[in-house]
1. Residues with beta-carbon under 15 Å from that of A:Arg113, excluding A:Arg113: net charge, scoring Lys, Arg +1 and Asp, Glu -1?
2. Rounded to the nearest 500, what is chain B's calculated 222 nm mean residue ellipticity when only DSSP H runs of at least 4 contribute -39500 (n - 2.57) each, over all residues?
3. Would you pull out the residues with amide H under 5 Å of A:Tyr81's amide H, same chain only if 5 or more places away, H placed 1.01 Å from N?
4. Using alpha-carbon pairs under 8 Å, 6+ residues apart, how would you state the relative contact order of chain B in percent?
5. Can you sort A:His248, A:His107 from fewest to most other Cβ atoms within 10 Å of each residue's own Cβ?
6. At a Förster radius of 35 Å, what calculated FRET efficiency corresponds to the Cβ-Cβ distance of A:Gln6 and A:Asp136, to the nearest 0.05?
7. Mind putting together the pair-distance distribution for the stretch A:143-192? All Cα pairs, 10 Å bins, whole percent per bin, short to long.
8. Compute the distance in nm between two label points, each set 7 Å from the Cα along the Cα-to-Cβ direction, one at B:Ala106 and one at A:Arg17.
Amino acid sequence: MTSERQPILSVEGVGVRLAGREVLREVSFGICPGEFTGLIGSNGAGKTTLFRVILGLQVTTSGKVLVAGRPRSRRNPLIGYVPQKFLLDPDMPLRARDLVGLGLDGHRFGIARPSRARRALIDEMLAAVDAERFADARIGTLSGGEQQRVLIAHALISRPKLLLLDEPLANLDLPSGQEVVALLARIAAEQGIAILISAHEMNPLLPVMERIVYLVDGRAASGTTEEVVRTDVLSELYGRQVEVLHIHGRVLVVAGPGDGGEAAHEHAGPLVGVQIVQ
Amino acid sequence: MNDFLAPVFESGFFTSSTVQVALLVGGIVALVAGTVGVFTVMRGQSFAAEALGDIGTTGGSGAYLIGVGPLWGFVAISVVAAGAMEAIGIQRPRGRDLATGIVLGAALGLAALFLYLYATQSAHTGATVSILFGAMFDIPSSTIPLAVLLGLIVAGIVAVLYRPLLLSSVSAELAAARGIPVRAVGALYLLALAIAVALAAMTIGTILSTALIVGPAATALRLTRRPGAAMLAASLIGVGATWLGIVLAYDSYAWPPVHHGWPVSFFVVTIIFALYLLSGVPGLWQRRRVASRPVAPAVAGTGDR
């Protein structure tokens, strides 16, 4: 196996039990350098828990996680992370560039010594996410999309090999979301950084997503979109008949014809909520 | 003394050792309070600061009762209370108010007892007022070494923790993802806050101490965009308000109605409050400008009023 194709992340049979509930069951998938992977699932499917597992913040009950071939650890410099729903108070005395700087050395003790090299690196990261225009603005006064870009710069400045983004599109309007997706695809292609991005809706990611990890109730199917987003694969994952429809370049997952009655009704909420939109 | 400044500084101001101690200790305390206060406001822990201050009443009255300097009492009880808050769960968003409130209630009950015992045992009736509202001109010079030491401890904690503390104050999630032990950092910060509150309690009183922690910081947050600059501004505002308060209180010995001097705390807190109000004026103006932009054409176009 060449080092180029060694997976940057491999999740092998991971299970997590929280307060007696199985949040993740036998989840396995791998991510290679520079790959753009979507982690798709409805709310409560286990996406955030899976991120916490990869970050080393969540204890697993089974399985293992390897980052670049080694067991996961806390503060792994190979992983950058952008958390969900990040909205700061406008009064927070912190400029966009300050937050990016904290991505570089926020875990170190003491006060950052300003240097030309540090400043140049921060400027470079701000430029990489097209954030120079508001580099000196208070972070809390920026729009959701702008804050998202600053957070990506915050995560990128430590030169990670894998970038995790938890629902980065959740609070954005469509154009801002498309901008962020295009930016991430560019970063993956240009810098060879693998990207794992969670979303409850796969359509905005379809143009750039190379692989998909589809989570339903803590169980996962993974592979290329063609391999996973299929009627038979998803029906097995959901444990009942669903149908994958392709309409005008969009993918819809709907409850299948054979799945009527009470049982379907019980699950209709999350299922329809997953992919039927727009 | 310069004739021009004579009306400002009443005679004897600079030669009075009481004033000198007040200026020195008050200045150190305000520096520390301003620095710590910026994090208090960023972390949304103003209520915890207020509670730690109020709890100081218990320590201060206990110190009077056993006859040691009140600063010892303030610091001891404040640190113990901070530990109790941490243990009950101040770092969980929902546990925060609860932890603070429970510890506060328990401690103030003790304060009631101590103040009662002290009042019945002693002819000295000023203790309650000194504890609650401060005694800037009653600080013995023997307290200076302890005050300096405590100030250095607080400054040391903030300086060493600066970056991890800043990142975990911005977002605990981001900090945790960087491998920062968020809980331990928060606990150490709470210790620094407890000591700073105790120092402030000594100068302007237990129930006013939060004003010196939160007030200058809140004002500084309105004026600056950078955390370091906010801390510098908050410290300067705090020191300025404290020193001006001392000058005015000294001058007020010559003022009506009683010719006995007005309380320093009154001046310090009022100046801080006035500065906070003033610092809001530019923002108010900006907001009005922003708000008026979309409104103006709509009113002109529809005229439905």
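Here, each number is a calculation from the coordinates, and none is a lab measurement. No experiment lies behind these values; they were computed from the predicted model shown. Note: ideal-geometry Cβ built from the backbone for every residue, glycine included; neighbour counts use all protein chains shown.
1. +3
2. Working: 11 runs with 237 residues, N = 305.
Calculated mean residue ellipticity at 222 nm is -27000 deg cm²/dmol.
3. A:Leu164
4. 28
5. Numbers: A:His248 5, A:His107 19.
Going from sparsest to densest Cβ surroundings: A:His248, A:His107.
6. 0.30
7. In whole percents, the pair-distance histogram is 25, 59, 16.
8. Here the modelled spin labels are 3.5 nm apart.
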